[in-house]
Structures are given as structure tokens and as C-alpha cells.
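Asker: Quick one: the structure is below, and I'll ask about it shortly.
The values are calculated or read from the model by the stated rules, or taken from the named source; none is laboratory data. Treat the numbers as computed from the prediction; the structure is a model and nothing was measured. We place every Cβ from the backbone using ideal geometry, glycine too, and count neighbours over all the protein chains shown. These area figures cover heavy atoms from the full protein model, side chains too; ligands, DNA and RNA do not enter into them. Shrake-Rupley method; radii C 1.70, N 1.55, O 1.52, S 1.80 Å.
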Amino acid sequence: MDILRRQFLAHVGQTSPSPLMIAVERAEGVFFYTPEGKWYYDLISGVNVSNVGHGNPAVIEAIREQAGQYTHIMVYGEMVERPQVEYAALLTSLMPAGLDSVYFLNSGSEAVEGALKLAKRCTGRSGLVSFRGAYHGSTHGSLSVMGGEEYKNAFRPLLPDVTQIEFNDFDALSEITDGTAAVIIDPSQSEAGVRIAADGYFKALRERCDRTGAMLIFDEIQSGMGRCGAMFAFEKYGVVPDIVCLAKALGGGMPLGAFVASKDNMENLTYNPVLGHITTFGGHPVCCAAGLAALRYTLEHRLHEKAEALGALYESLLADHPAVREVRRNGLLLAVEVGSPDLMMRILEQFKRLGILSDWFLFCDTAFRISPPLTITAEQVRESSALIIEALDTVNQ
């Protein structure tokens, strides 16, 4: 093992006993390269972060330009910084009129934390409803509404007054009551292995929230910014949430999160107490400049409009393989179900050998993920699918 990998294991905090251990030298487009020159198709985009591709020239130039002007000046919300202002204006121009105020943060977990606090502040209630199989982050508040007990038990006590219900269970919506401050939902159930909502489910959820006065939070941290075939997944379902959480691709590869709400609701964080939610580095000007460039690139090249067809192409090429039991898909976010954790892990080992980076889902270890940069071409979809099929053939012998 070379010195870099030894130092990685010795000095970098680890998240699991078995990291991938692939050293990265550079990345470009849908590929990244090791110091030894081996290339990999990046089929997870850093978990839906690199939507506009690695090393996107527009994003790199925006980072260089902004870093040359100024980086951090003052804690968030005090200074008028052009990248923040222009990005917030463009983001809200793409959303319904009731979503016109952006609070920038550093990450998705922080976006969820801010959204939960805002809902409690606006409603004066404490109850929260979330869904089994949902992932919302690892900080204490976001962990409290996460849908996996295994990941929560070691860190209790967590937030009280949290109710978890089953996704797609219409009857369970009765658990949303006049004591509920907010319902938080991932519209694609990403970490459950891309579970799609039943027809009418989101409209029923919206109606129940309206009836009880609960706020509806859409966690679009994975599904937003064009991944699911619309700029924001809620556009596909005919509902408008009260708060939208964004991160991952929001920063164009740089760390950035945000929650979006109405100006009237957002102002609840400015009094009783003043500074009801604060952050030092949230909305860092370099990160906002990168995210703004990425969003402009997405719009100019209509990446969100192309995602559906590219995802459908993957599905058509893989769904009939004998090792594949099901392909679940929302735009260019796919879960390829193989039915067995052991088989799935053997497939991932073959991927690593062949030059593909994929992964399993946090709450679904029987499927592998396909969510490449939205810049992937149809030819590259076919090339990467051929490698996937080679791996499937190897383990299915």
C-alpha cells in the first residue's frame, strides 16, 4: 500500500471499515482517473453532486473569478454579496411565487435543520412526521426524522414528538394532525432504493397538510437541480411544498445547502429571537458563484430536460438482463434491483475491476445506484451499460 493510502487510513476519519480506497488524481466530465492512469465511469456523481460534470469549465472559471475578488467577509446575512444575491434571484425565479426566499447554508443536513426550525417557528407546534426509509442527514435533528432505526439507536435521545409513517400509505396520512408542525418527505425515496410515489399520493399529502395546518417540506437534496427530469421533483407531481431543502448539486461541486420558503415565513427567523438561525460560512461567495454557474449551465444546455430520456435509455438497456429483477427510476436516478446483498456486493467488485463507480443505497442493499452527471451522452450511456452488462454476466454465470 502506498504512503497516501496509509495516511488516509491513519489520519482521515473513516465512515466504514471498508472504504473504496481508490486514489483520485483528476476528474473530467463523467470520468475520474487514478494516479496510475486507470479511468472510471462515475455513475453516482458524488451522490448526485456533480450534475454538470467534473471540471466543468464554466464552474471552474466562476470559482477562479470569485476567489480573486473576495472569499469570506462576514457571517451570513449581513453583507450584500453578489453571488448570493444573483443565485437566490435565479433560484426563486424557477420556483412558484410562494417560494421566494432562500436561506443559504453549508450542507443538506443543515438545510433540513433550518427547515425543521422554521416550521416549528411558523406553526408554534412541535410535532414532526417523516417516512420510514428516508434519509435526511446525520446531525441530531435530521437524524431524528431519518427513516432507519439502525442508524439512530446509538445516538438517542433524539428529538421528541416525531412520528414515522410508511411511504405511499394513504391511510397513514391520518397521523398528520393539528399538532404537527411539519411533514418532511424525499419525493423519490432515494436511499430506500428509488421508491416512486403512487398516483395521487403527493396531492393527498398536500391536502392533509392544508387541512391540519402542517407545513410540507420537500427534501430535494438528491432529487433537485434537474436530476429527476425537472428542475425540482415537486414540479412533476402538481404540488407546491411550503419549504424546499436543497444541497448536493446546488453548489456545482462545492459545499452548499439551502432551504427555500416564502418571504413572510422566512422572516420568522429574524425576531423572537433575533438571529433565530445563524451560520458563519453558509452561502460562501465562492460556493454560490460555482452553484450559480452550474445552474446557468444546466439551463443553457437543458440538462434537466434531457435527464428523463437518458434515464430511460439506461432502463431499456439493463432491465431485461437475467440478473436484474427490477429497475426503479426517477429521471436519471436509477436503482437496479438484483435481489441479494451478496450478489450486489459481487457486482460492485466487478464494477471496480471494469472501471465503474457505483454504490448501494443506505436502506436498500440489494440494488445498485446509477446517477451519473447529467452531462453524460447517449453514447456514454451505452458504453457504460455494456460494462455493467459485462459485470452482470460475470456474476450470473
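Asker: So for segment 243-263 (the condition being touching a residue at least 24 places away in the same chain (Cβ under 8 Å) and farther than 26 Å from residue 287 by Cα), does at least one residue qualify? Show your work before the answer.
Answerer: From segment 243-263, those touching a residue at least 24 places away in the same chain (Cβ under 8 Å) are 243-263; that's our starting set.
Filter once more, so that each one left must be farther than 26 Å from residue 287 by Cα: none.
Taking every residue of segment 243-263 in turn, none turns out to be touching a residue at least 24 places away in the same chain (Cβ under 8 Å) and farther than 26 Å from residue 287 by Cα.
Asker: Further question on the same structure: For segment 254-275, give me each residue that is within 19 Å of residue 100 (Cα to Cα), touching a Leu at 6+ places or on another chain (Cβ under 9 Å) and open to solvent by 10 Å² or more (accessible area, probe 1.4 Å).
Answerer: 262, 265, 266, 268, 269
Asker: Could you list, in sequence order, the residues of segment 83-120 that are of a type in the set (A, V, I, L, M), within 13 Å of residue 241 (Cα to Cα) and open to solvent by 10 Å² or more (accessible area, probe 1.4 Å)?
Answerer: Narrowing segment 83-120 to residues of a type in the set (A, V, I, L, M): 85, 88-91, 94-95, 97, 99, 102, 105, 111-112, 115-116, 118-119.
Cutting the leftovers down to within 13 Å of residue 241 (Cα to Cα) gives us 95, 97, 99, 115, 119.
The answer is 95, 97.
Asker: Could you please find all residues in segment 269-293 being in a helix (DSSP H, G or I) and either closer than 30 Å to residue 121 by Cα or over 19 Å from the mean Cα position of the chain (by Cα) (or both)?
Answerer: We begin by selecting, within segment 269-293, every residue in a helix (DSSP H, G or I); these are 269-270, 285-293.
Residues satisfying the conditions are 269, 270, 285, 286, 287, 288, 289, 291, 292.
Asker: Out of curiosity, is residue 300 touching a residue at least 12 places away in the same chain (Cβ under 8 Å) and of a type in the set (Asp, Glu)? Give the steps one after another, and end with the answer.
Answerer: Values: touching a residue at least 12 places away in the same chain (Cβ under 8 Å): no; of a type in the set (Asp, Glu): yes.
In short, no.
Asker: Which ranges mark the helices (runs of 4 or more DSSP H) fully within segment 294-397 that have 3 or more residues being open to solvent by 10 Å² or more (accessible area, probe 1.4 Å) and under 25 Å from residue 33 (Cα atoms)?
Answerer: Working: elements: 303-318, 341-354, 378-395.
Passing ranges, in order: 341-354, 378-395.
Asker: What's the total number of residues in segment 99-133 that are basic (Lys, Arg) and assigned to a loop (DSSP other than H, G, I, E, B)? I'd like the intermediate steps shown before the answer.
Answerer: Kept after step one, since they are basic (Lys, Arg), are these residues of segment 99-133: 117, 120-121, 125, 132.
When the remaining residues are screened for being assigned to a loop (DSSP other than H, G, I, E, B), the result is 125, 132.
The number of residues fulfilling the criteria is 2.
Asker: Can you name the residue in segment 52-80 that is at pLDDT 95 or above and in contact with a His (Cβ under 9 Å, 6 or more places away or on another chain) and, of all such residues, is surrounded by the most Cβ atoms within 10 Å (Cβ to Cβ)?
Answerer: Ranking the candidates gives 52 first.
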